[in-house]
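The structure appears right after this line, and notes come after that.
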Amino acid sequence: MFSIRPRKWLFAAGVLLLGGLARLPLEHRFSATLHEHRLAEEKLNLSLRDELGQSFFIAVLGGFRSLVASLVEIDNIQAWQDQNFAKVDAAYALCTRLQPRVWHYWDWRAWMKTHNAYDHYKYEDMSRPGLQPWIRQNLIDDGIAILKEGMKHLPDDFRLPRAIAWLMADFEKNQHASYYEASQWFYRAWQLRPHYRHLYRFHVYHLAQAPGHELEAWPLLLEMYHSGPIKSGNSDHTPSGETHLVRLLPKVQAMLPDAALPPELAARAPAILAADQERREAVERRLERERAQEEEVQEAILKMKR
């Protein structure tokens, strides 16, 4: 009886060993698939424990990553209200590590930099006028970098490239703004949500304003113009598209002399150009007022410090 028992143990151990060896490549492939589709959770390490504290770290170990990320966000509302944006960014950085596939955390982390912190330095902290443009541009650049990092985890979410597109199209805030780059990010967002036709139209509008891409934008604008009755359900025919066509015509004709507007649009071209010029002048007047007000506030702050 005692001589048989070791054989049973050896047989059982052999079965377990062979089963483990057979299962190992399957688990490796499964793990690789999770990483390929960005479904694997970030590995826990000591630095994460230090950032979270013992209680939150234990909760994360227990599988409550989502709950902990929400609590971290809520816990830093006061830092946001106190305009402690370094602490706010650290909190959202932690949230993106805990929940990298949640769009909200990437979007809000970028928004805090490119809007809230940006406005703080522009309108409230004017004691360093020489450094302010550099600080604000760094905030914009960091926000764009955050959104791009988020896209690595959420490659199918159109909202992140759309947010980048708007930042690249904002010439008032972003010194590195580019109509062409904005058009490409809008195009990428539209590819992820083809039924959101406004994203495609924004792509074409910005392409039409990008120097050197006039011939690329011209047929797209014409196609939009002929897509159907204006404001119909499936139409890309819009007043903005008409304005871009009229505005682009001289540049296109310099390269393609036979280029022409549709007859009905050509008849309205002078009125469209006049209205467009009026809008541009109104925007420029508003920007000039804002620049003057900012200079007045900066000068008042400097006088107080003297």
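Using a ≥ b ≥ c from the Cα gyration tensor of the stretch 155-230 (square roots of the eigenvalues), is it rounded, prolate or oblate, where a/c under 1.5 gives rounded and otherwise the larger of a/b and b/c decides, a/b for prolate?
In terms of gyration-tensor shape, oblate.
W166 to D142: extension gain in nm, 0.36 nm per residue of separation minus the Cα-Cα distance?
7.2 nm
Would you mind checking the pairs K113/K148; K231/K251; K152/K173; K113/K303 and listing those with alpha carbons more than 19 angstrom apart? Walk me through the numbers on the way to the answer.
Values: K113/K148 14 Å; K231/K251 28 Å; K152/K173 25 Å; K113/K303 29 Å.
The answer is K231/K251; K152/K173; K113/K303.
Using a Cα-Cα cut-off of under 17 Å, which aspartates and glutamates could be cross-linked to K122, ignoring same-chain neighbours fewer than 8 residues away?
Partners found: D82, D141, D142, D170, E172, E288, E290, E294, E295, E296, E299.
Could you do me a favour and compute the accessible area per residue for the stretch 152-260, 1.4 Å probe, result in Å²?
Value returned for the stretch 152-260: 51 Å² of accessible area per residue.
Just to verify a number: what accessible area does K148 come out at with the full protein assembly present, 1.4 Å probe, Å² rounded to tens?
Looks like 90 Å² after rounding.
The values are calculated or read from the model by the stated rules, or taken from the named source; none is laboratory data. Small disclaimer: the values here were computed from a predicted structure and weren't measured. Heavy atoms of the whole protein, side chains included, go into the accessibility calculation; ligands, DNA and RNA do not. Shrake-Rupley method; radii C 1.70, N 1.55, O 1.52, S 1.80 Å.
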